[in-house]
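*Asks:* Have a look at the structure that comes next, please.
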Amino acid sequence: MDYAVRVSHYIDPVTFELSRDVILLIAGEHVAEVITGGEVSGGLAGLAKNTLDLGDALCMPGFVNSHCHLDLSHLWRQVPHGLKFHEWGPVIMAGRMLPPSMIAAGIEDAVRMLVSSGTTSVLDISVGADSLDALARHGLRSVLALESLGFDGTRAEAAMQRVDALIRDKFVLERERLGKDAGEAAAPATHEGIDYGFSPHATFSTSQQLYELNMGRAFGEGRICTTHAAETTEEEEFLLHGTGPYAPFIAQFGVDLSSFKGYGARSLELLLRDWLGPWLKPENPNLVLVHCNYAREADFAMISQHKPSICWCPRSHAFFGHDPWPWAQMVETGANVVLGTDSLASNTGLDMLGEIRQALVSGSVSPGSSGKKVPDPVTVTNLFKAATINGRKAMSILADAADLAIWALPGGAKSRDEALQSLLADNPPLLASFSRGRLIARSI
């Protein structure tokens, strides 16, 4: 065994139930055994190479940030509140032109934020895979969803070739690319625990042809595909009619919209009904649809049919002043609801506890898809599940994965809900965290 860890409170990553006085045995990337009762003759020393006896502490599944743009982290606190998305977009485009050293420094700081706040896995939307080295250096389990966009379908293959060039350059070893003729040639550094996925940007910016190329690759290779969907009402107007402020925003990038009169359909209709149909199964947790702030009644029926992962970013949602997020309807569809932070260009931090706190502020009773009032399921426990085990499902993380966060906890917490409430209310220190069985943070 590599680690033996003793804690007073343990939340199981499968059942999400609480056990008391637990010793965890970690072997490689996995939790090999969970010993309840907490007492072992001779103590922890003989159980594993390394031991952590943490006393009054809560060990739970590490946070999974299911939507993050680390390559915008250098814009932290640089973008004013109150902008509409089509006003915010040009600011972000300008920010991408800043010196690479500034962007790299922002990524490094952002990854430290993730690690120090109990995040053990991240789905990063990445234009150039710039976060790869920092994520590897800090040991986070990661998927870099390589972003592509382009409204003109005739250029879809060129956009996909750029993604493939990134994959060859950043993720594929020389020996894999060149075969036996490579010999022992130097290869790119391996980045254990980091994989790639695909991220066509959004239906207003990306052609059907480019979506199909991304989805074909993602489903054919068993990888994550993630995209922004139903984010704003202005996006909805553009997709339906070709009008509104998105039209000049897109035209400024040289796109000829003179003959575009809209698709006559909204974002989720295009994705789940028209464009992605050939690849969709009864459940699609590896298809992560982000935001979905303005999903409509017909959209909930399609979400129920295909059950993708749906990612809410509560603090970014508040940053843009969107209408209340339809949590109740999303949960009612049976979709895998997850949480993310979005970027530091629209958020004050990357800690998932902050997202949960904001979600509780944002919660409201809303009608279910049946039209009846349903009890609001925005509860502390459901939000923690969205930020942990639901994120694991989206990223295909195994049930016994040793991706764990351990927090100091007063001994008085008798139940799971009391322990989780204590995390939110008391803001205790993170004592340690593991990603893929490796200790990536420790404060004592």
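The values are calculated or read from the model by the stated rules, or taken from the named source; none is laboratory data. Keep in mind that what you see is a predicted model, and the values were worked out from it rather than measured. Glycine gets a Cβ as well: all are built from the backbone with ideal geometry, and neighbour counts include every protein chain shown.
*Asks:* Cβ contacts < 9 Å: first residue closer than 25 Å to MET160 by Cα, restricted to region 104-132; second residue among the basic types (Lys, Arg), any location; separation 6+ or different chain. Result?
*Replies:* Close Cβ pairs satisfying both conditions: VAL122/ARG141; VAL127/ARG96; GLY128/LYS170; ALA129/LYS170; LEU132/LYS170.
*Asks:* Can you pull out every residue in region 81-107 that is closer than 15 Å to LEU70 by Cβ and charged (D, E, K, R)?
*Replies:* ARG96
*Asks:* Based on this model, can you work out whether GLY43 counts as touching a strand residue (DSSP E or B) at 6+ places or on another chain (Cβ under 9 Å) and either surrounded by fewer than 13 Cβ atoms within 10 Å (Cβ to Cβ) or in a loop (DSSP other than H, G, I, E, B) (or both)?
*Replies:* yes
*Asks:* Residues that are surrounded by fewer than 21 Cβ atoms within 10 Å (Cβ to Cβ) and modelled with pLDDT of 90 or more: find the helices (runs of 4 or more DSSP H) completely inside region 77-169 holding 2 or more of those.
*Replies:* Fully inside region 77-169 and qualifying: 100-116, 132-138.
*Asks:* Something else about it: Scanning for something among the aliphatic types (A, V, I, L, M), closer than 27 Å to ALA318 by Cα and without any contact (Cβ under 8 Å) to a residue 12 or more places away in the chain, does region 77-93 turn up at least one residue?
*Replies:* The answer is yes, given that some residue of region 77-93 is among the aliphatic types (A, V, I, L, M), closer than 27 Å to ALA318 by Cα and without any contact (Cβ under 8 Å) to a residue 12 or more places away in the chain.
*Asks:* Six or more apart or on different chains, Cβ atoms under 9 Å: show the pairs whose first residue is in region 50-70 and part of a helix (DSSP H, G or I) and whose second is hydroxyl-bearing (Ser, Thr, Tyr) and buried (at least 23 other Cβ atoms within 10 Å of the Cβ).
*Replies:* That search, which allows pairs on different chains as well, returns LEU70/SER126; LEU70/SER131; LEU70/SER343.
*Asks:* Only one of LEU339, LEU360 is under 21 Å from the mean Cα position of the chain (by Cα) and modelled with pLDDT under 95. Can you tell me which?
*Replies:* LEU360
*Asks:* For ARG266, are the conditions met, namely being of a type in the set (D, E, K, R), surrounded by 19 or more Cβ atoms within 10 Å (Cβ to Cβ) and within 17 Å of HIS201 (Cβ to Cβ)?
*Replies:* So ARG266 fits the description; yes.
*Asks:* So, one more: Of all the residues that make up region 401-427, how many are surrounded by 15 or more Cβ atoms within 10 Å (Cβ to Cβ) and in contact with a Pro (Cβ under 8 Å, 6 or more places away or on another chain)?
*Replies:* Number of matching residues: 8.
*Asks:* For region 71-88, state whether one or more residues are over 30 Å from LEU409 (Cα atoms), in contact with a strand residue (DSSP E or B) (Cβ under 7 Å, 6 or more places away or on another chain) and not hydroxyl-bearing (Ser, Thr, Tyr).
*Replies:* yes
Rundown of residues vs (1) under 20 Å from the mean Cα position of the chain (by Cα); (2) among the hydrophobic types (A, V, I, L, M, F, W, C), yes/no style:
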position: ILE250; (1), (2): no, yes
position: SER258; (1), (2): no, no
position: TYR263; (1), (2): no, no
position: LEU289; (1), (2): yes, yes
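*Asks:* Please enumerate the residues belonging to region 20-55 that are modelled with pLDDT under 95 and among the small types (Gly, Ala, Ser).
*Replies:* Passing the criteria: GLY37, GLY38, SER41, GLY42, GLY43, ALA45, GLY46, ALA48, GLY55.
*Asks:* Next up: Write out, first by first residue and then by second, each pair whose Cβ atoms fall under 8 Å of each other, whose residues are 6+ apart or on separate chains, and whose first residue, in region 207-231, is assigned by TED's automatic domain parsing to the domain that holds GLU269 and within 30 Å of PRO324 (Cβ to Cβ) while the second is hydroxyl-bearing (Ser, Thr, Tyr) and in a strand (DSSP E or B).
*Replies:* TYR211/THR227; CYS225/SER199; THR226/SER199; THR227/SER199; THR227/THR206
*Asks:* Only one of (1) within 21 Å of the chain's Cα centre (by Cα); (2) in a helix (DSSP H, G or I); (3) in the same structural domain as VAL14 (by TED's automatic domain parsing); (4) among the hydrophobic types (A, V, I, L, M, F, W, C) is not met by PHE434, so which one is it?
*Replies:* Going through (1) within 21 Å of the chain's Cα centre (by Cα); (2) in a helix (DSSP H, G or I); (3) in the same structural domain as VAL14 (by TED's automatic domain parsing); (4) among the hydrophobic types (A, V, I, L, M, F, W, C) one by one, PHE434 breaks only (2).
*Asks:* Filter region 299-330 down to the residues that are without any contact (Cβ under 8 Å) to a residue 40 or more places away in the chain and either crowded, with 20+ Cβ neighbours inside 10 Å or farther than 21 Å from ASN65 by Cα (or both) and list them by number.
*Replies:* MET302, ILE303, GLN305, HIS306, PRO308, ILE310, SER316, ASP323, TRP325, MET330
*Asks:* Out of curiosity, is MET1 aliphatic (A, V, I, L, M) and in a loop (DSSP other than H, G, I, E, B)?
*Replies:* yes
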